[in-house]
Structure formats: C-alpha cells, structure tokens
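Input: a single structure, listed below in structure tokens.
Bear in mind that the values in this text are calculations on the coordinates, not laboratory data. Quick caveat: nothing in here was measured; it's all calculated off a predicted structure. In this analysis, Cβ positions are derived from the backbone assuming ideal geometry, glycine residues included, and neighbour counts consider all displayed protein chains.
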Protein chains: 2
Amino acid sequence: MNLMIKSLEIEGVFAKPLKQIETNCGTVLQMLRNDSSSFNQFGEIYFSEIHPRMINAWKRHKQQAQNLTVPLGNIRLVIYDDRPTSSSCGKTIEYEIGRPENYKLIHIPPMLWYGFQEISGKVSIIANCPDKPHDPEEGESKPADSNQIPYQWEA
Amino acid sequence: MNLMIKSLEIEGVFAKPLKQIETNCGTVLQMLRNDSSSFNQFGEIYFSEIHPRMINAWKRHKQQAQNLTVPLGNIRLVIYDDRPTSSSCGKTIEYEIGRPENYKLIHIPPMLWYGFQEISGKVSIIANCPDKPHDPEEGESKPADSNQIPYQWEA
C-alpha cells in the first residue's frame, strides 16, 4: 500500500485517487498497472453502462475481488459489511466515483455486499478489473430494497 | 486463437468481436479475460478520451502489444506495417471500432505504427489493456502527416 491509498472504514476496502492526464486529444485516465502496489492479479476487464438514476444492487462475490472506477459520468457506490469476523461488521460506506472530481479506484474484497446508483443524470460507465474472471456460480444477489441491508437508496 | 478471431491482413494483428449484453441497468461490455485464447499477459488498463474528429497518430511501441476497444463512441484505427521481415511489410489496414455495430478487440503486436481518428462526432473513449505497463522509453511517434507512412487522414 502506498501513500496514495487511504484506508477507509471497511476492512479490506480501499480508495486510490487515479491520475487524469490532459492531452491535446482528450484526457488520459489511468486505472491499474501490474507494477502498482494496489494490484494483485488480473482476472478480467469489462464495462457496465448504467442509465441515469438507476440502481444496481445488491451483489456479493464469494471469491472475486473487484477493482472499480468510473471513466464516464458519476455513480454512488455503497458497500455493506456483514462478515461476522470483520472488525467493521455491520458498517456501511458510501463513495461517489466519477469525473472529474472523484476519479478513483475502489477495491472491494470478496464477501462484501455492494451496489451502485447513477448520479450524474446521464449514462455513466463503470469499469471493473476483478482478480478472477466472471463465474456465475460464485456471485449472489439481493433486491435493492432488501431489509437485510441497512441502506435506503434514493428513489 | 478461437473461431471468433479473424486473421486479417497484417501479420500478428487480429480483431475479435466482443459481446454486448443488454441488462435492465444498461449494456455490459466485455473486453478481455485471463482465460481467453486472445489473452497473453496483463500490463495495464487505462482509457483515452478523444475529442470529436481529432487525430492521434502515429505511435509505435518497441516491446508493448496493445489490446484496444472502444466502449463509448466510434473511432477509425489505422495500422501500418514497415517491419522488414514481415509478410505484410508495406501494408496499411483500417478498422472502425465502437458501438454498437463495431464493438471488437484489436490486438496490435509491437513494432507496428498505428493511429486513431474520432469518427462519431462526439467524445469517444478508447480502452487499452497492453501486455506491459506504460514506459515512455519504449514508445516512438511520428507526426500524423509524416510522409514516411502512406496514409492520408481526413481533415
């Protein structure tokens, strides 16, 4: 972990500010390098569009860690920890991620519930570079209004 | 190489159609997985915005292979081969890459000249997942109007 990485309130989660480099052609947006202290291993890279104001929640992965950023638009990311052995069990954390003010990488280890809401009012794009490729067998979901997660999404 | 990968006219270059999966929240856009036949190794993932109609050319990498796609907008990618020992030495190839019709991965091995032009008329985003992280020492460039490359960009 280098000095750019802030430890935050949920065990194993971190946020790392990312560089936005202005060029004549447009902005170059860094995400993840194999020689970065925040890199573990490469599983996959894919993108998810999210329509204005939509909510995509809740998901949990048993084995896969997420490395997320938002190269277009802005989203709210919410993470909830119900891991019985975690020092932060019961905590919920919110991030705003996107451009230009909040361009950062969020690392989410396995076994945490998380979800998104689009907040720019335009289509946003989430980039995810998890440490293992997608496997439908290892993911779980709950509805956005599940009463098992103490968070109320904005309508 | 699987059946989805078309071999094209420049030695070592290939284009692979990528999946766009419609969901309630928006389109999920695949790019590259570590278990894909088109994957070699992970160096970095970053994004480059390109303003409407702009040209970003020419570049060449001595050691780094590029894996490019366009999750937002559309670009024209041009590749020129001047490798003396290549079976396609002297050839130029053009691709249109972007969404929704031309969502695909292009692999460019080292030592080929390449450049882009934005063609959607809006800001486009290029995602690049090269096999080595960026090293300013191993890249070279020529101006877009270099007479050493037999290609005329549209004004």
Please verify whether segment B:136-144 includes one or more residues that are free of Cβ contacts under 8 Å to residues at least 40 places away in the same chain, away from chain A (no Cβ under 14 Å) and either among the β-branched types (V, I, T) or on the phi < 0 side of the Ramachandran plot (or both). yes
When you look at A:E44, is it more than 8 Å from chain B (Cβ to nearest Cβ), touching a residue at least 24 places away in the same chain (Cβ under 8 Å) and under 21 Å from A:W113 (Cβ atoms), yes or no? no
Search result, residues across segment A:45-87 that are touching a His at 6+ places or on another chain (Cβ under 9 Å) and either hydrophobic (A, V, I, L, M, F, W, C) or over 16 Å from B:T27 (Cα atoms) (or both): A:Q64, A:A65, A:Q66, A:N67, A:L68
For segment B:98-120, which positions are away from every other protein chain (no Cβ under 14 Å) and more than 16 Å from B:N67 (Cα to Cα)? B:E101
Select the strands (runs of 3 or more DSSP E) contained entirely in segment B:91-155, then report the ones holding at least 2 residues which are surrounded by 14 or more Cβ atoms within 10 Å (Cβ to Cβ). B:92-98, B:104-108, B:113-118, B:124-128
Answer yes if at least one residue in segment B:82-92 is closer than 23 Å to B:M54 by Cα, hydroxyl-bearing (S, T, Y) and over 12 Å from the mean Cα position of the chain (by Cα), and no otherwise. yes
Restricting attention to segment A:48-62, does a residue exist that is assigned to a strand (DSSP E or B), of a type in the set (D, E) and either facing chain B (nearest Cβ under 10 Å) or under 22 Å from B:Q41 (Cα atoms) (or both)? yes
Can you find a residue in segment B:65-74 that is of a type outside the set (G, A, S), part of a loop (DSSP other than H, G, I, E, B) and farther than 25 Å from B:E9 by Cα? no
What are the residues in segment B:113-141 that are under 23 Å from B:S37 (Cα atoms) and under 11 Å from the mean Cα position of the chain (by Cα), if any? B:I126, B:A127, B:N128, B:C129, B:P130
Across segment B:7-38, which residue is farthest from the other protein chains (Cβ to nearest Cβ) among those that are exposed (fewer than 15 other Cβ atoms within 10 Å of the Cβ) and more than 16 Å from B:Y95 (Cβ to Cβ)? B:S37
From the list B:G98, B:G115, which one is without any contact (Cβ under 8 Å) to a residue 60 or more places away in the chain and among the small types (G, A, S)? B:G98
A:F39 meets each of (1) in a loop (DSSP other than H, G, I, E, B); (2) under 13 Å from the mean Cα position of the chain (by Cα) with one exception, condition (2)
